[in-house]
């Protein structure tokens, strides 16, 4: 982009309400050598976390350039320029090997520079939460729901996406954190969402505390405080009060739901490991490539859902009640529970390969005809399979 082309960005900022960067008639857009820019003490102290690293930003800048210019002022000492806003972009640009960076030069006093820094941080809160989540959802819709393609576009993990999309479905107390700009900490927002599901009264109390907290209170301190509230919720949870006097529930025989186009790979895999008693690795080898890739994508998605869940027990029950993990889809409980109990990433092939075959001492031999039957599934149920499953369960 040419230096003149950055005028379009200035217009965009004005239209979006970010006038602090552009409302000075003396401001001008240019490209500056990074060596000319000196960094004074900034309002922002934390420049990265596990999900938003400087390395990730540097890779994006190397691929796409600096989208939003930094803001500088002439250095009061007379040597080059002093950074006003955009230290994270400046650091990442240096990591990406850039010699020059787009910048808005403004004539600012010390007080004015401090106000611009604060304004940018406030705008960042607005844009990195609700708007970011809506943009991600719109991108996902444009990609036809292809989660993998979206993650590749942003160079992020599934847990990063799940947490941000969850902001679109917050309860009233967690929503306050976003709508009132009380925090930009996605982990804190996600944690309050989980607390609100379990103890709404405690979630309200915690959000009130955040609203009244000193602006210098760190995210780490608020996270520790949230943990204390979660411990209270666990202690105050009602305990069972003896046997119920209600009439005993008489369960009906479970039935296998019919597969849909989306869930067919799960049902195929279920048939191979449950009915045919194959190990997970062998079952994968019996599936065609398209079905296998679709299955691995769903396994990876549910592993990350479990990994990101604040209340995996409640979330698992919710999936069972909704039918998301019923019948052949019950296979998804395995990656969900593994994700909920370990912090490191796991490959979907590794997860499914842990499913053992039935012990050779009790397993019926798989003869060539049965091999043909498995191959003949080709992602579809054979006639009468649902009925035979139900008959076996009743037997």
Please sort 135-144, 95-104 by packing, taking for each peptide the average over its residues of neighbouring beta carbons within 10 angstrom, highest first. 95-104, 135-144
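Can you tell me how much longer the chain between residue 156 and residue 358 gets when fully stretched, taken as 0.36 nm per residue apart minus their C-alpha distance, in nm with one decimal?
On the way: separation 202, 0.36 × 202 = 72.72 nm, distance 3.79 nm.
So the chain would gain 68.9 nm between residue 156 and residue 358.
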Where in region 62-77 does the label zone of residue 30 land, with the point 7 angstrom along Cα→C-beta and an amide N cut-off under 17 Å? 69-77
Classify region 62-210: rounded, prolate or oblate, from the alpha-carbon gyration tensor (a ≥ b ≥ c, eigenvalue square roots; a/c under 1.5 rounded; otherwise prolate if a/b is larger than b/c)? oblate
Full-stretch length increase - residue 59, residue 277 - with 0.36 nm per residue and alpha-carbon distance subtracted: 73.9 nm
If each of residue 109 and residue 344 carries a label point 7 Å out from its Cα toward its Cβ, how far apart are those two points in nm? 5.7 nm
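Each value in this text was obtained by applying a stated rule to the coordinates, not by laboratory testing. Keep in mind that what you see is a predicted model, and the values were worked out from it rather than measured. So basically every Cβ, Gly included, is an ideal-geometry build from the backbone, and we count neighbours across all protein chains shown.
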